[in-house]
Every structure is written in structure tokens, then in C-alpha cells.
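Before any comments, here is the structure.
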Amino acid sequence: MNTQQKKWVKSLVPGTLCLVLALGSPTVEATAQIYQLSPEEMAHYTPHNPFDRLNDGRPRVPDAILDTIRNMEIAVVEVYALLRDKGFPNQFEGDWKVLQPGKRLVGRAFTVQFMPTRADLNEVTQEDAAAKGLGRLRNQTTIDMLESGDVAVVDLYGKVEEGTFVGDKLAYYIQKTTGTGIVIDGGLFFVEAIEKTGMPGYYRGTHPESLRNSMITGVNVPIRIGGATVMPGDVVLGDQDGLLFIPPQLVEEIITSVKTKRVRDAWSKKQFDTGKYKSAEIYGRLSPELQKDLDEFMKAHGINQ
């Protein structure tokens, strides 16, 4: 964004919830978009991020950490309680149609917000885009902003008929660009073809009608997906149970917690294999003898409690 463009944006109504037609982005030239948090605003609203940031300001959880989550095949049920106990009870959303039930989805959230079309507002934003030679605002405007490792998380307010964010060709483009998958709180079309690509995807339903009667109102802003609040840069974790949107500051603690719990679970099963113990003896308060055995088992597996 050049100096003149920045002045133009600053001249508009301030505030994180207003609608703004901004020009350009740090990573995509000559792109129109409805209001997007600036890198400075993104940092302000994600103050606990311990990592570097992408050019657009989103927290950049390192690829190595995302790979660890994938390689460990961390499950949603292994993470949910920790998020709840850390004060994040609204990060889960279930009841999805799932493109690849046996395949996990892991990546960084790139958020897109739609609302039902309002003619006067949509007229202004479209005219502003046309005046700048930027074409019509549509789903492809946001799709072309995606980067490797992103997961498009799209708030289409559960709309399926006329709420189909992508079909097979645009889904294929997203897959090739991001290497991850999609989360659409709305619809898809030509799901049979999308499914064959092997791309993970979560969606509400299918319909043969294309996307219409909806307008883009936000790019990389906080959005609501069902009962979950999603921030740009959250780690998206999806499996057959549903989706979690994990704050970046908790991902390393989650990995450590899952490793610890898995070793503890292995010890519990080892005790059950002996046939000597009742479940309450292993899941309740441990005897001093069992606690010592557990401590030694954990230490042998690299876990210091």
C-alpha cells in the first residue's frame, strides 16, 4: 500500500468493525478488499502471539510446529479440555460434512466474512472497486490472497443454497496454493470432484447453484464459525470430531501436554494388561508404589513431571 493509499484509508471512518474498501496488501498487489485489520491492528488484537508475523500481520506459527501437529496426528479430543481450562471454551465447532474423514486438517486461519447482500452498501463498495480499476469484489478476490499454509476459514453464516463458496476448480486452486484445506460455514458445489483431490474440507452442505446474494464484509478479521470465535492466524485443527481454532500462544503447550498424556495413557494400559488393578486404582489417587512406577515410566520416556 503506497502513501497515498494509506492516507485514503486513514481518512475513512476508523474502527475495527467498520466496512472499508482498502487498496492493496503487503503480499498481493492491486487487490481490493473490504475492511482488513492492518498489521498494526492485527498485533494489537493478538498481543500474546510468541512468533513472527506474516506480512499481513497474522501470527505465523512456524511450519515446524504445524508439521509436528500433523506428524503426531494430534486429535481434537486431546486438545479441547486444555483450551477450555486455559479460558478458551469457545474454540470448537462440530456437526460438519467432512470431505476426507480420515485426514486431519492443520494450518493457519485466513478468515473471510460474508453477509447477506444489502443493495446500497454493496453498490458503494463495488463502485469504489471499479473506480480503482480493481474489478468486481467476489470470492476470488480473497482466494487470490491465500498463501502456503493458510486455511481459508469462511463465514458464510451457514448458507448453503446460493452460499457455495467454491466448486471443484477453485477448490483445486486453493489446494495447490495452500497445501492445506478449507473450512466453509456455507456450501460447496461439485463435491464429488473436490473429494477426489484428497483435500481436507469442512462444509455445511451442497447445492448446484453458484454463490450469489452475499457480499464480502471482512478479510482477516475476527469471525464467528458456529459457536467458535476465530482470529486470523489461529491454528486450525480438524478431524472427524470437528474443528478447533487454537490461539498461537497455546500451540507449544498443547504439544507438550499431548505428549505427556499419551505416555501416561500408555502406562495406564500397561497396568491394565497385568490384570492386577481395578480401573479406580489407576484413574483415581495412585498408591505410593504406583506413583513411583508412573514417575519412572514417564522419565524413561523423556517426560519430567
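The values are calculated or read from the model by the stated rules, or taken from the named source; none is laboratory data. Keep in mind that this is a model prediction, so the values were computed, not measured. When we count neighbours, we look across all protein chains shown, and the Cβ atoms used for this are built from the backbone with ideal geometry, even at glycine. Side chains included, ligands, DNA and RNA excluded: accessible areas come from the protein's heavy atoms. Shrake-Rupley method; radii C 1.70, N 1.55, O 1.52, S 1.80 Å.
Listed values, structure above:
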| item | result |
| --- | --- |
| Positions within region 163-186 being under 12 Å from Asn139 (Cβ atoms) and open to solvent by less than 50 Å² (accessible area, probe 1.4 Å), in sequence order | Gly163, Thr164, Phe165, Val166, Gly167, Leu170, Ala171, Ile174, Ile182, Ile184, Gly186 |
| Given (1) farther than 18 Å from Thr142 by Cβ; (2) at pLDDT below 95; (3) surrounded by 18 or more Cβ atoms within 10 Å (Cβ to Cβ), index of the condition Ala32 fails | (1) |
| In region 44-58, the residues that are open to solvent by 40 Å² or more (accessible area, probe 1.4 Å) and out of contact with any Lys or Arg (no Cβ under 7 Å at 6 or more places or on another chain) | His44, Tyr45, Pro47, His48, Pro50, Asn55 |
| Cβ pairs under 8 Å, 6+ apart, first in region 203-228 and farther than 30 Å from Tyr80 by Cβ and aliphatic (A, V, I, L, M), second assigned to a strand (DSSP E or B) and open to solvent by less than 20 Å² (accessible area, probe 1.4 Å) | Leu211/Gly163; Leu211/Thr164; Leu211/Phe165; Met215/Phe114; Ile216/Gln33; Ile216/Val112; Ile216/Phe114 |
| Residue list for region 144-162, restricted to those being closer than 30 Å to Ala64 by Cβ and either of a type in the set (S, T, N, Q) or surrounded by 21 or more Cβ atoms within 10 Å (Cβ to Cβ) (or both) | Met145, Ser148, Asp150, Val151, Ala152, Val153, Val154, Asp155 |
| Matching residues in region 270-292 - criterion: being over 40 Å from the mean Cα position of the chain (by Cα), surrounded by 10 or more Cβ atoms within 10 Å (Cβ to Cβ) and not hydroxyl-bearing (Ser, Thr, Tyr) | Leu290, Lys292 |
| Within region 74-128, considering residues that are among the aromatic types (Phe, Trp, Tyr) and over 18 Å from Glu252 (Cβ atoms), the one surrounded by the most Cβ atoms within 10 Å (Cβ to Cβ) | Phe110 |
